[in-house]
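Following: one structure in structure tokens, then a few remarks.
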Amino acid sequence: MKMKRNIFASIGIALALAVTAFIVHSCGIYSFTGTSIQPDVKTVTINYFEYQALKVNPSLSNQITEALQEKFIRLTKLELVDMEGDLEITGAVTGYDVKATAVTANEEAAQNRLTVNVKISFTNRKYPEDDFPDKSFSAYADFDAMTSLDAVEAELCEQIVEQLCDDIFNATVANW
């Protein structure tokens, strides 16, 4: 008799978990990645980020574009399309600067900061109330002033691109 109760208890727990999972999944606008994409939104277009900054980094536009596309593929069920996606992101790198952030007693730079600025426009063809025409994002990484930018630029840009993509993703589909 005790064994039957354990089996029924286990079945009850399993059934409750299955029903909960079904309800969460069927709501459609919530996911475990934190996105709030409506169920009828199926595609996304992420256009190539133009480079408009004065200081040149020839690979940065490509890095941002590819990283953002990868993030959407990895964290959503949206299909990446070349044109006219339900969601569309267009962006540009508008700033790429290095400035001293810490100065020694001898008035020499002790630490430098690489800052990247981007501006994006977001279009939601299914829910235009979520659109925003121009929104700016900025991310930075610090490095020792005794180190040349050339020596650390690739690593710093990788960190900055990751932060920018997180911020853009959150602003467009996570509604944070």
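The values are calculated or read from the model by the stated rules, or taken from the named source; none is laboratory data. What you see is a predicted model; the values in this text were computed from it and never measured. Glycine gets a Cβ as well: all are built from the backbone with ideal geometry, and neighbour counts include every protein chain shown.
Quick notes on this one:
- Condition met for LYS99 (loosely packed, with under 13 Cβ neighbours inside 10 Å and either assigned to a strand (DSSP E or B) or in contact with a helix residue (DSSP H, G or I) (Cβ under 9 Å, 6 or more places away or on another chain) (or both)): yes
- Taken over segment 41-79, the criterion of being surrounded by fewer than 18 Cβ atoms within 10 Å (Cβ to Cβ) and over 21 Å from GLN163 (Cα atoms) is satisfied by LYS42, THR43, LEU54, LYS77, GLU79.
- Residues located in segment 152-169, provided they are touching a residue at least 40 places away in the same chain (Cβ under 8 Å) and of a type outside the set (Asp, Glu): LEU156, CYS157, ILE160, VAL161, LEU164, CYS165, ILE168, PHE169
- Residues of segment 48-65 that turn out to be under 17 Å from THR172 (Cβ atoms) and without any contact (Cβ under 8 Å) to a residue 12 or more places away in the chain, as a count: 0
- Among the conditions (1) of a type in the set (Gly, Ala, Ser); (2) assigned to a loop (DSSP other than H, G, I, E, B); (3) in contact with a Phe, Trp or Tyr (Cβ under 7 Å, 6 or more places away or on another chain), the only one that ALA92 does not satisfy is (2).
- Within this structure, LEU54 fails the test of being modelled with pLDDT of 95 or more, assigned by TED's automatic domain parsing to the domain that holds ASN117, out of contact with any Pro (no Cβ under 7 Å at 6 or more places or on another chain) and closer than 22 Å to ASP134 by Cα.
- Evaluating ALA151 against the criteria (1) among the small types (Gly, Ala, Ser); (2) under 30 Å from THR43 (Cα atoms); (3) part of a helix (DSSP H, G or I) leaves one unmet condition, (2).
- Sub-7 Å Cβ pairs linking a first residue in segment 100-111 that is assigned by TED's automatic domain parsing to the domain that holds TYR140 to a second residue that is among the β-branched types (Val, Ile, Thr) and part of a loop (DSSP other than H, G, I, E, B), at least 6 apart or interchain, are ALA110/THR104, ordered by first then second residue.
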